[in-house]
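First comes the structure, then the notes that go with it.
The values are calculated or read from the model by the stated rules, or taken from the named source; none is laboratory data. All figures in this text were calculated on a predicted structure; none of them were measured in a lab. When we count neighbours, we look across all protein chains shown, and the Cβ atoms used for this are built from the backbone with ideal geometry, even at glycine. For accessibility, only protein heavy atoms count, side chains too; no ligands or nucleic acids. Shrake-Rupley method; radii C 1.70, N 1.55, O 1.52, S 1.80 Å.
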Amino acid sequence: VLPTIFLIAYDTLVSHTVAKCIKPVALGLSSLAQELMSLHWSELRSESLAYEKIIESFRENELMLGKAISLLRKNPETRVEKGDEREVVYKLFASGASLNGAFPHPTTREFILETAKKNDPLISRVVPARMYVLLSENGMRLVEMGGKA
């Protein structure tokens with residue numbers, strides 16, 4: 001059953017359109033594929049094989065994919081060729097910048113915290129949970145999402 005779960009999880013990650021068009025995501029998934037292919041499937045039935053490394057690779061790739069999706073939704077990919085348009089965009093950002101950098105300080109910051117927690121003290125199953133935090137000068141927005149036990 002476990003090899004099937006690994007393959008389904010990999011297929012789910014790699015089938016997303018971002019997996020093909022964002023280079024760091026594609027490289028991470030390629031590395032994960034190499035790890036999966038190097039596993040000795042016959043050892044999966046024994047207790048000697050540690051799954052933590054492969055599970056951690058899945059977590060890292062899922063996180064990278066999530067970040068890429070979030071950034072693409074906020075900042076649609078556009079290509080600006082060298083010339084007047086590019087210079088105008090640069091000047092727009094540079095006008096609010098400090099003397100040290102080329103871009104202004106962010107007006108908001110977004111954090112995504114991932115953890116695992118127990119929803120019910122009677123159930124020993126741990127479920128994934130995410131907390132989204134958006135900080136700005138005049139406020140904070142907090143959203144918590146958790147899986148079902």
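Find the residue count for the range 18-56, including only residues that are at pLDDT below 80 and surrounded by 13 or more Cβ atoms within 10 Å (Cβ to Cβ). Break it down stepwise before answering.
Just the residues of the range 18-56 that are at pLDDT below 80, to begin with: 39-52.
Restricting the remaining residues to those that are surrounded by 13 or more Cβ atoms within 10 Å (Cβ to Cβ) gives 39, 44, 49.
Qualifying residue count, the range 18-56: 3.
Cβ-Cβ distances below 8 Å connect the following pairs, each with a first residue in the range 119-147 that is at pLDDT 80 or above, a second residue that is open to solvent by 100 Å² or more (accessible area, probe 1.4 Å) and not in a strand (DSSP E or B), and a separation of six or more residues or different chains: 136/107; 137/107.
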